[in-house]
Amino acid sequence: MNEGKRPGGLTALAVLNFIFSAGGLIGVMGMITVIVLFGKLVENMDEQARTQFEALQAIGLPWFICLLAVSVLSSILLLISGIGYIKQKKFMGHTLGNAYAILAIITGIVSAVIMKPEIGGGFTIGAIIEFIYPVLTLILLNTSFKEDFTN
Amino acid sequence: MSLRDVSASHIRLISFYQTRYTVRGGAGLVFLMITLVFGLTVAHAVLTPIEQIMAQQAKAGQQSDPQKVVAEIVKLGRPVIQWALGIESDENSPASSDAWTTFLLDDRPALLSVIFLILLFGMPLLISFLAFNQIAGDVQNRGLRYLLLRTERANIFIGRFLGTAFFSTLVIAIIIATITFYLGVNIKIYSAGLLVGWALHGFLALSVLMLPYIAICSWISASVDSPFVSLVLAKLIIGGVWLFALLGSLVWKPAIYLNYALPWGLQNHLLHPQLTHSLGTALACLGYMLVFLFLGYYRFETRDL
């Protein structure tokens, strides 16, 4: 193990984790705001936004809350594992990083199945883009950076 | 020390470690992320309108014909493609130029052609994220001195160039394979043979096009001591040549020829209908690469490390 000598790639991965974590949390806050202001927003919506809202409603409240909770969990995992990459900690970095990647891949598949195409569901290029980072994380943590974490 | 000291086994070893180091070092990872997101976002932007129209037709209970939808969009996009290929207008263009647009939009999978044209323009602007730090970082931290005890400068220079080129080719292959697979499975308007054949052509075109741009990054990286300066210079030179040619030509038309300082001026010809023409363009790209590599190697060989 290369203790104390952090590869630049791991630092880059940590920075990306922080960026995606912040982005995820902002997205969650946006979704909550939309729900809270639903009544006011729906009056001023154009047709496309209304279609998206209908598609969002079609998921059902339990699934919606579940996806929201998973988004929050993913963002937290990204943040903690990012710190773990910086400190090169086995559990905090490697294990939680893998946990995030697996969770994101499963969530992506479930979202593609249960959500309508209007809000990003189905097998689309957009869905594939969402898989890039988790798949890269999974591959890199278990190949290039496998030996860079300590207990 | 000269090119006579070149050793294939040393180059193989150095290029292997260069490929591995690009990911561990961070530059490769950033390039991988940016390029994958860019490539797939381009595909997303091109394919989404078609998918949306098909979905709307299906929702309205109409018979959805993807081929008709694509034909309609291609008709609308034809002037844009002609502009991108440098064809001024239908009336003034020679028959061969018009045949080029027809080849890209009618004879070959049009959606893939449009994606390739955007990638041919965008990829040179991204390649410096991967290739900027082939030499400069090791010169700055003096790590190169330890390497020079074991091998010659020529092996380091060529090995690192080849490792970077291999990594870039791998990333391009992933992007094109993903887009082609998606087009084949989801859009289903082109035959598998046509799609794979054109995808292979696009892959080769993009891979060859990256070589001169990687070579110019090798030259810059071998000339300066700081990776950051190397990245900034690479960005300024690659993007600047195109921008100066574009803006300059608005004031003084011949300024457009500045594009030929790099492959900007001819890179679209890699997708030309005549095979001899596209092969000639590929050879020209290799020519650019050799010139930049020679200049970079000369600088690297003669400089004080």
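Report yes if A:Ala69 is surrounded by fewer than 14 Cβ atoms within 10 Å (Cβ to Cβ), modelled with pLDDT of 70 or more and among the small types (Gly, Ala, Ser), otherwise no. Answer is yes for this residue.
Residue pairs whose Cβ atoms lie under 8 Å apart, sitting 6 or more positions apart in sequence or on different chains, and linking a residue in the range B:184-213 that is within 14 Å of chain A (Cβ to nearest Cβ) and over 27 Å from B:Phe167 (Cα atoms) to a partner that is of a type outside the set (A, V, I, L, M) and in a helix (DSSP H, G or I), are B:Asn186/B:Glu51; B:Ile187/B:Glu51; B:Ile187/B:Pro66; B:Lys188/B:Pro66. Only a single criterion out of (1) touching a Ser or Thr at 6+ places or on another chain (Cβ under 8 Å); (2) of a type in the set (Phe, Trp, Tyr); (3) surrounded by fewer than 15 Cβ atoms within 10 Å (Cβ to Cβ) is not satisfied by B:Phe292, namely (3). Taking the range A:95-105 only, how many residues are under 13 Å from A:Ser71 (Cβ atoms) and either touching a strand residue (DSSP E or B) at 6+ places or on another chain (Cβ under 7 Å) or not small (Gly, Ala, Ser) (or both)? So the answer is 2. Looking for whichever is within 19 Å of the chain's Cα centre (by Cα) and surrounded by fewer than 23 Cβ atoms within 10 Å (Cβ to Cβ) here; the options are B:Gly137, B:Gly184, B:Gly197. Which one fits? Answer to the selection: B:Gly197. Among the residues of the range A:60-83, those that are without any contact (Cβ under 8 Å) to a residue 60 or more places away in the chain and either closer than 14 Å to A:Leu140 by Cβ or among the aliphatic types (A, V, I, L, M) (or both) comprise A:Leu61, A:Ile65, A:Leu67, A:Leu68, A:Ala69, A:Val70, A:Val72, A:Leu73, A:Ile76, A:Leu77, A:Ile80.
Results for (1) in a loop (DSSP other than H, G, I, E, B); (2) within 14 Å of B:Ser221 (Cα to Cα); (3) of a type in the set (Asp, Glu), shown as yes or no for each residue.
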{"position": "B:Asp138", "(1), (2), (3)": "no, yes, yes"}
{"position": "B:Arg145", "(1), (2), (3)": "no, no, no"}
{"position": "B:Leu149", "(1), (2), (3)": "yes, no, no"}
{"position": "B:Arg160", "(1), (2), (3)": "no, yes, no"}
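Within the range A:43-78, the set of residues being touching a helix residue (DSSP H, G or I) at 6+ places or on another chain (Cβ under 6 Å) and over 23 Å from A:Leu103 (Cα atoms) comprises A:Thr51, A:Gln52, A:Ala55.
Let's see how each residue does on (1) part of a helix (DSSP H, G or I); (2) under 21 Å from the mean Cα position of the chain (by Cα); (3) away from every other protein chain (no Cβ under 13 Å); (4) at pLDDT 90 or above:
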{"position": "B:Ser9", "(1), (2), (3), (4)": "yes, no, yes, yes"}
{"position": "B:Gln52", "(1), (2), (3), (4)": "yes, no, no, no"}
{"position": "B:Glu72", "(1), (2), (3), (4)": "yes, no, yes, no"}
{"position": "B:Val80", "(1), (2), (3), (4)": "yes, yes, yes, no"}
{"position": "B:Ile87", "(1), (2), (3), (4)": "no, no, yes, no"}
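Once the range A:115-136 is narrowed to residues that are assigned to a loop (DSSP other than H, G, I, E, B) and among the small types (Gly, Ala, Ser), the residue that is nearest to the other protein chains (Cβ to nearest Cβ) is A:Gly122.
In the range B:14-34, what residues are away from chain A (no Cβ under 12 Å) and either surrounded by 18 or more Cβ atoms within 10 Å (Cβ to Cβ) or closer than 22 Å to B:Tyr298 by Cα (or both)? Reasoning before the result, please.
First pass over the range B:14-34, keeping only residues away from chain A (no Cβ under 12 Å): B:14-18.
Those that are away from chain A (no Cβ under 12 Å) and either surrounded by 18 or more Cβ atoms within 10 Å (Cβ to Cβ) or closer than 22 Å to B:Tyr298 by Cα (or both): B:Ile14, B:Ser15, B:Gln18.
Apart from one condition, B:Leu279 fits all of (1) assigned to a helix (DSSP H, G or I); (2) over 20 Å from the mean Cα position of the chain (by Cα); the exception is (2).
The values are calculated or read from the model by the stated rules, or taken from the named source; none is laboratory data. Predicted, not measured: the structure shown is a model, and the values here were computed from it. Heads up, the Cβs are rebuilt from the backbone with ideal geometry, glycines too, and the neighbour counts pull from every protein chain shown.
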